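Enquirer: Encoded as structure tokens, here's the structure I'll be asking about.
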Amino acid sequence: MAKDLLKLLLILIALVFIQVFILNGMKINGYINPYVYVLFILILPFETPGWVLLVCAFILGLVIDSFMNTLGMHSSATLFMAFSRQFLLKIISFRNDNDSKGFLTLGNFGFVWTLRYVAILVFAHHFFLFFLESFSFSSFFPTMGRIILSSVFTIFFILLAQYMFARK
């Protein structure tokens, strides 16, 4: 238990560091903004109580907001993602009850299930974040372009990280 908490804390620190110091400067034409810090919410154990998940999401969002000076946009988007995660896990079926426990890894759940899970939640996060940022439907198509491109790059980086650290 303590080993898992330490592992999660180190992952959290690494993701925030990568997001703040590497990926925040990587804005290609203002359309591609990968946000890999959401991987922390995705990999939390599936049996994490809902209130713990929401508190972790809020704190993670506040940390990112403090570095990016975005006044709560990331904290609200990560809260939306955490809430959606609980709902999505009830919908997505597991092969058996033992599969619904533990951490998200490609080895445990397979590529297709992991891709579906990650893609839905990343898209939900980005949709909420970018429309909250623009706060207008008048620029619907440019905002949708940003959502799609940023989601694709974020999903790519998350799956790459999952592949790199997957146990054989």
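Enquirer: For labels at A119 and I92 in the simple 7 Å Cα→Cβ model, what's the distance in nm?
Expert: The two pseudo-label positions are separated by 1.2 nm.
Enquirer: Name the trypsin sites (Lys or Arg not before Pro) in region 57-157 that are in a loop by DSSP and that have at most 14 other C-beta atoms within 10 Å, would you? Walk me through the numbers before you get to the answer.
Expert: Working: sites: R85, K90, R95, K101, R116, R146; in loops: R95, K101.
When the trypsin sites (Lys or Arg not before Pro) of region 57-157 are filtered for loop state and at most 14 Cβ neighbours within 10 Å, R95, K101 remain.
Enquirer: Related question: Going by amide H atoms built from the backbone, whose H comes under 5 Å of the H on F46, apart from near neighbours?
Expert: G102
Enquirer: For S139 and I28, what is the calculated FRET efficiency with R₀ set at 22 Å and r taken between the beta-carbons, to the nearest 0.05?
Expert: Working: r = 18 Å, r/R0 = 0.84.
So the FRET efficiency works out to roughly 0.75.
Enquirer: To the nearest 20 Debye, how big is the dipole of the chain about its Cα centre, given +1 on the beta carbon of each Lys and Arg and -1 on that of each Asp and Glu? If you can, show how the numbers build up before the last one.
Expert: Details: 11 positive and 6 negative charges, 74 e Å.
So the magnitude is around 360 debye.
Enquirer: Under Stokes-Einstein, with the Kirkwood radius over Cα pairs standing in for Rh, what whole-number D in µm²/s applies to the chain at 4 °C and 1.567 mPa s?
Expert: Details: Rh = 16.3 Å.
D, rounded to a whole number, is 79 µm²/s.
Enquirer: Quick check on the exposure proxy: order M73, M26, M81, M68 from fewest to most C-beta atoms within 10 angstrom. Please report the intermediate quantities before stating the final value.
Expert: On the way: M73 18, M26 10, M81 27, M68 13.
Least crowded to most crowded, the residues run M26, M68, M73, M81.
Quick note: the coordinates plus some simple rules give every number you see, no bench work behind them. All of these numbers come straight from a predicted model, not from anything done at the bench. For neighbour counting, all protein chains shown are included, and Cβ atoms are generated from backbone atoms with ideal geometry for every residue, glycine included.
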